[in-house]
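First the structure, in the form of structure tokens, and then the observations on it.
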Amino acid sequence: YTAAIYAAAVNAAALEIWTDVSGMMTADPRLVQNAKIIPQISYQEAMELSHFGAKIIYPPTIQPVMDRGIPVWVKNTFAPQDNGTLIEQYSQQDAGSTVTGISSINKIALISLEGSGMVGIPGFSKRLFEALASKKINVILITQSSSEHSICAGIHEDDAAAAKEAVDEAFVHEIGSKKVEPLM
């Protein structure tokens with residue numbers, strides 16, 4: 001991260017990050033045997049993969065160099081001849097490939113606010129996220145059904161009990177009138 005700040009401050013031609021692997025990979029090689037090195041990836045893709053489990057780059061590292069358009073090379077200290085991964089504004093994907101990489105986060109709990117009383121009524125999402133924010137619970141992932149019947153949020157599993165308490169309290173009226181279900 002410090003190197004990225006310095007690179008941005010001096011408007012460096014490139015930033016090189018030397019680590020113990022030969023670049024960012026399509027999946028965690030400890031979990032996926034045929035994971036491959038990603039030769040080129042965009043800043044946005046690198047940030048997403050690093051935020052969701054790719055340990056090669058600390059997520060805030062990308063921002064300073066991205067703002068300046070400085071390319072980043074991830075290289076292997078133990079195999080300097082390997083090409084590594086180039087991170088820059090745009091990536092050039094292989095023909096027919098739509099997936100850059102897969103990452104994962106452990107210890108996630110999914111909470112789901114559901115009920116027919118949510119359909120077509122504005123403000124449910126806002127109230128859900130305000131309830132979670134009031135307990136300083138970070139939302140990692142959000143999905144909503146197209147019918148607007150449910151909103152699902154991924155949070156750290158350690159926050160699940162506090163989330164249930166906060167959401168059930170925020171929707172006590174709707175739960176009491178059977179418009180929404182209490183969180184399970």
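Of note:
- In summary, the aspartates and glutamates within cross-link reach of Lys126, defined as a Cα separation below 16 angstrom excluding same-chain residues under 8 places away, comprise Glu114, Glu148, Asp168, Glu169, Glu174.
- Only Lys, Arg (+1) and Asp, Glu (-1) charged, at Cβ; the chain dipole about Cα centre in debye: 80
- Taking the chain as a Gaussian network of alpha-carbon nodes connected by springs under 10 Å, the highest mean-square fluctuation of the residues Pro122, Pro80, Pro59 belongs to Pro122.
- Helix-only [θ]222 nm of the chain, DSSP H runs n ≥ 4, -39500 (n - 2.57) each, per residue, nearest 500: -7500 deg cm²/dmol
- Stretch gain in nm, segment Phe78-Leu141, where the contour uses 0.36 nm per residue and the Cα spacing is subtracted: 19.1 nm
- Residues with amide H under 5 Å from that of Ala109, placed H, sequence gap 5 or more: Ile155, His156, Glu157
- Amide hydrogen neighbours beyond the local backbone of Ile38, cut-off 5 Å, H modeled: Met24, Met25, Thr26
- Label of the coordinate-derived value, semi-axes √(5λ) of the Cα gyration tensor in Å, listed as (i) 22, 20, 18; (ii) 41, 17, 15; (iii) 24, 21, 15: (ii)
- Note, ³J(HN,Hα) from phi for the stretch 141-151, Karplus 6.51, -1.76, 1.60, rounded to Hz, x at Gly and Pro: 8, 9, 9, 9, 5, 5, 7, 6, 7, 8, 10
- Violating pairs (Cα-Cα greater than 20 angstrom) within the set Lys136/Lys178; Lys55/Lys107; Lys107/Lys179: Lys136/Lys178; Lys107/Lys179
- The stretch 20-115: trypsin sites (Lys or Arg not before Pro) falling in loop per DSSP and having at most 14 other Cβ within 10 Å: Arg30, Lys36, Lys55, Lys107
- Applying the Karplus relation 6.51 cos²θ - 1.76 cosθ + 1.60 with θ = phi - 60° to the stretch 106-113 yields 3J(HN,Hα) values of 8, 6, 10, 10, 9, 10, 9, 8 Hz, where x marks Gly and Pro.
- In the stretch 3-94, the chymotrypsin sites (Phe, Trp or Tyr not before Pro) that fall in loop regions by DSSP, at most 15 other Cβ within 10 Å: Phe52, Phe78, Tyr90
- DSSP beta bridge pairing in the chain, given as percent antiparallel to the nearest 5: 65
- One decimal place: the segment Phe129-His149 gains 5.6 nm when fully extended, by the rule 0.36 nm per residue minus the C-alpha distance.
- Sulfur and carbon atoms: percent of accessible area, the chain [1.4 Å]: 55
The values are calculated or read from the model by the stated rules, or taken from the named source; none is laboratory data. Source: prediction; values computed, not measured. Backbone-built Cβ (ideal geometry, glycine too); neighbour counts: all protein chains shown. To get the accessible areas, we keep the full protein, side chains included, count just its heavy atoms, and leave off ligands, DNA and RNA. Shrake-Rupley method; radii C 1.70, N 1.55, O 1.52, S 1.80 Å.
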